[in-house]
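Participant: Right, I'll just put the structure down here and ask away after.
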Amino acid sequence: MIEVRNLYYAYKGEQYVLKGINFSMGEEIVALVGPNGSGKSTFAKHLNGLLKPTRGDVIIDGEDTRDRTVAELSRKVGYVFQNPEHMFFEESVFKEVAFGPKNLGKSEEEIEELVSWALKSVGLEGYEKRAPYSLSGGEKQRLAIACVLSMKPKYLVLDEPTTGLDAKAEKSVVKTIKELKKNGHGILLITHDMDLVLELAERVVLFYKGEKLYDGSVKEFFEISLEEYSLETPELLKLARKFNVGFVKSLDELMVAVSGDGT
Ligand code: ADP
């Protein structure tokens, strides 16, 4: 369980950019949304201890992040940064994924096992010898996920995991995220992509100017007037409204609702 209690944070000498955030999550997919500068990344960096609260507490599976190092916390919360390809530096996919467990002092045998498990989890088995830079956009994103997965974290923070990807690559990443959730991971998905929220999220949290304005179901989230927060209503929901249909999650659902009987 991730528990955040009355979290305030100010960068050195600045005003508070997080103001009294209360939040908890378990093994679920939570989308964290909000305009640029609303505090999403600052918040997420508290979950793996990159930042420590100015006031309030962040508790990961019962442990206060103040009492743990980033290395220790990375075994609980894996953070996949935006544009992860800038972070690859090894000559092979195997070595890239092995880097984390190696630093944790795992044996050769354990490393082999962790790498092959992590690559399998993201659908990249057989890619061990490939050079990271030679992978496609979607493959690079999945490799980045494998790199944090190899530390066996229970929770994952994914920062804009589909930005800049084409439709096919996006599908492969979406499939991977669904698999991770099925396998018992809790996922915090930071995104501007409302289609992705509609497709993947089980719950949505909206930040605005450092405060949590909404935390609840996906259906009710899309009833908020999103344009006020520089967020776009998905085309699918705009279309559903034109047909006077309530909330739908896919084109198939919309077709069924419009035709009445699914034919
Ligand atoms: P988001 O992820 O929602 O775009 P951020 O958490 O990046 O928001 O930023 C929240 C606020 O904190 C912004 O006003 C931003 O300018 C400020 N901020 C972010 N990083 C730093 C930093 N390293 N030093 C000072 N201010 C920062």
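We did not get these values from a lab; they are worked out from the coordinates using the rules stated. Keep in mind that this is a model prediction, so the values were computed, not measured. Neighbour counts are summed over all protein chains in view; Cβ atoms, including those assigned to glycine, are modelled from backbone coordinates with ideal geometry.
Participant: Given +1 on the Cβ of Lys and Arg, -1 on the Cβ of Asp and Glu, and no further charges, what dipole in debye does region 1-142 carry about its Cα centre, rounded to the nearest 20?
Facilitator: 720 debye
Participant: Let me spell out the model: positive unit charges on the Cβ of Lys and Arg, negative unit charges on the Cβ of Asp and Glu, origin at the Cα centre of the chain. What dipole size does that give, in debye rounded to 20?
Facilitator: Here the size comes out at about 440 debye.
Participant: May I pose another question? Dividing the alpha-carbon Rg of the chain by 2.2 N^0.38 Å yields what?
Facilitator: Cα Rg divided by the expected 2.2 N^0.38 Å: 1.06.
Participant: Choose one of ASN83, TYR8, ALA71: the residue whose Cα lies farthest towards the positive end of the charge dipole of region 1-113 (beta-carbon charges +1 Lys, Arg; -1 Asp, Glu; about the Cα centre).
Facilitator: The Cα lying farthest towards the positive end belongs to TYR8.
Participant: Looking at the chain as a GNM with Cα springs under 10 Å, which of GLU228, GLU110, GLU128 has the largest mean-square fluctuation?
Facilitator: GLU228
Participant: Select from GLY210, GLY126, GLY100 the residue whose mean-square fluctuation is largest in a Gaussian network model of the chain (Cα-Cα springs shorter than 10 Å).
Facilitator: Looking only at GLY210, GLY126, GLY100, the biggest GNM fluctuation is shown by GLY126.
Participant: How long are the three semi-axes of the equivalent ellipsoid for region 123-174, computed from the Cα gyration tensor as the root of 5 times each eigenvalue, in whole Å, largest first?
Facilitator: 17, 16, 9
Participant: Roughly how compact is region 89-218, stated as its Cα Rg over 2.2 N^0.38 Å to two decimals?
Facilitator: After normalising by residue count via 2.2 N^0.38 Å, the value is 1.12.
Participant: How about region 227-257: which chymotrypsin sites (Phe, Trp or Tyr not before Pro) there lie in a loop by DSSP and see at most 13 other Cβ atoms within 10 Å?
Facilitator: Answer by residue number: PHE243.
Participant: Given the options SER92, MET151, GLY138, identify the residue whose Cα lies farthest towards the positive end of the charge dipole of region 85-152 (+1 on Cβ of Lys, Arg; -1 on Cβ of Asp, Glu).
Facilitator: GLY138
Participant: Kindly put ILE59, ILE190 in sequence by how many other C-beta atoms sit within 10 Å of each C-beta, fewest to most.
Facilitator: Fewest-to-most Cβ neighbours within 10 Å comes out as ILE59, ILE190.
Participant: A further question follows. Can you give me the pair-distance distribution of region 85-152, C-alpha pairs, 5 Å bins, whole percents?
Facilitator: Reading upward from the zero bin: 4, 21, 35, 26, 12, 3, 0.
Participant: On alpha carbon coordinates alone, what is the Rg over Rh value for region 1-143, Rh being the Kirkwood radius?
Facilitator: So for region 1-143, dividing Rg by the Kirkwood Rh gives 1.02.
Participant: Another one. Out of ARG75, ARG203, ARG66, any idea which swings most in a Gaussian network model of the chain, alpha carbons joined below 10 Å?
Facilitator: Looking only at ARG75, ARG203, ARG66, the biggest GNM fluctuation is shown by ARG66.
Participant: Past the 24 angstrom mark, what percentage of all C-alpha to C-alpha distances in region 151-263 do you count?
Facilitator: Of the Cα pairs, 33 percent sit more than 24 Å apart.
Participant: Now a separate question. Using only alpha carbon pairs under 8 Å that are at least six residues apart, calculate the relative contact order of region 85-152 and give it in whole percent.
Facilitator: 48 percent
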